[in-house]
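Laboratory data are not the source of any read-out in this text; all were calculated from the coordinates shown. Please read these numbers as outputs of a predicted model, since none were measured by experiment. Virtual Cβ from ideal backbone geometry, glycine too; neighbours counted across all protein chains shown.
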Amino acid sequence: MQDIKSNSNKDELISIVVPVFNEKDVLLEFHKRLSNVLNTIAYRSEILYVNDGSTDCTINVLNNISQEDQRVRLYHLSRNFGKEIALTAGLDNAKGEAIIVIDADLQDPPELIHDMLKEWEEGYQVVYAKRIAREGETILKRSTAFLFYRIIKYFSKITIPQDTGDFRLLSREPLDSLLLLRERNRFMKGLFAWIGFSQKEILYRRDSRFAGKSKWDYVKLWNFAIDGITSFTVAPLKISSYLGLMIAFGAFLYGIFVIAKTLIYGDPVPGYPSLMVVILFLGGIQLICIGIIGEYLGRMFTETKQRPLYIIKRSKKP
Ligand code: UDP
Ligand code: MG
């Protein structure tokens, strides 16, 4: 391996951050594969497992792993805070010069770490793994995802790479910048993109889960999308005010039309259907706009409480 840049000082520490929630069936295999990779790299390494309030015996598996491997450090959150927060807890505590975020379910192949380190040595400060388009995903899922990235890109001017999860390498400087962003609604993909720096993608084929099942369903995905949009753009608020303006203008024209009609033809009180349509239409629009304001207000409410992002337990018992 060529030492092109100062990045490749072999004494440096590499941190691996792994959020873990109910992964008892996968963890041993995951740790084995990760260790195999870490044994062959030229750097020192540490592995931070963040137990995100697992309710199965994941905690025992983790304790066993940490007893056998000196590189392992364990953090137990006091309850399930969600992957984004668990990840943040790990990143807060990582000491390495480069930090790699990886899922425990073996959907992110640990072997790719070699390639990531290579790009890092070349001088890239952020290296993210982009999956080659997956077969077997429904058209609905693909098209909604496409739309979602387009909306964010159009309104927030931030390009979030598509088909990219959290599997990535960050060097110390971008990580420190990332940790300055302490918002509670943590839309990680957006935050990773927001910080900038020289980013490099590498392609990989995403495997299916080794065991257990994904914690995502359509409701969660929907909330995830709302989180992403509201934390990166206020466009929906603007759209609702323009919509209001347009409708008010339309109503004004229609008002003139109705007055003129009454003056010319008299007032025989028809028009119940048009009245109903207008009332219902406006009522609907108003409710949607209030809802949009509510989404932002609710997020402001969570932010103003200034709660810590997570709580780490000291005890290692379940
Ligand atoms: N995870 C977590 N907290 C949660 C849900 C998931 O720490 O509340 C972890 C999980 O153990 C895994 C990673 O986040 O290591 C990815 O989770 P999952 O496989 O469910 O997500 P997907 O791969 O389907 O996006
Ligand atoms: Mg997964």
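Once a ≥ b ≥ c are taken as the square roots of the eigenvalues of the Cα gyration tensor of region 253-318, is the result rounded (a/c under 1.5), prolate (a/b larger than b/c) or oblate (a/b not larger than b/c)?
prolate
If we sort 289-299, 27-37 on the protection proxy, mean other Cβ atoms within 10 Å, highest first, what's the order?
27-37, 289-299
With the dipole of the chain worked out from charges on the C-beta (+1 for Lys and Arg, -1 for Asp and Glu) around the Cα centre, which of PHE197, ILE59, ILE290 lies farthest toward the positive end?
Farthest towards the positive end: ILE290.
Test of understanding: ordering VAL50, VAL72 by Cβ neighbours within 10 Å, fewest first, what list do you get?
In increasing order of surrounding Cβ atoms, one gets VAL72, VAL50.
Sort region 1-94 into rounded, prolate or oblate with this rule: let a ≥ b ≥ c be the square roots of the eigenvalues of the Cα gyration tensor; rounded if a/c is under 1.5, and if a/c is not under 1.5, prolate when a/b is larger than b/c, oblate otherwise.
The shape class here is prolate.
Count the lysine pairs in region 118-203 whose Cα atoms sit under 25 Å apart, keeping only pairs 8 or more residues apart in sequence or on different chains.
Going through region 118-203 pair by pair, I get 16.
With a Cα-only, solvent-free Debye model of region 196-309, what are the log10 I(q)/I(0) values at q = 0.11, 0.15 Å⁻¹?
-0.69, -0.94
GNM on the chain, C-alpha springs below 10 Å: top fluctuator among TYR265, TYR154, TYR218?
TYR265
Relative to the longest principal axis of the chain, what angle (0 to 90°, nearest 10) does the C-alpha long axis of helix 235-265 take?
10
Under the Kirkwood approximation applied to all pairs of distinct alpha-carbon atoms, what is the hydrodynamic radius of region 149-238 in Å?
Result for region 149-238 stands at 14.9 Å.
If packing is taken as the average number of other Cβ atoms within 10 Å across a peptide's residues, how do 258-264, 181-187 rank, most packed first?
181-187, 258-264
Quick check of the Kirkwood formula: for region 68-224, what is the inverse mean of 1/r over all pairs of different Cα atoms, in Å?
16.9
Could you state the principal axis extents of the C-alpha atoms in the chain, from the largest down, to the nearest angstrom?
91, 46, 41
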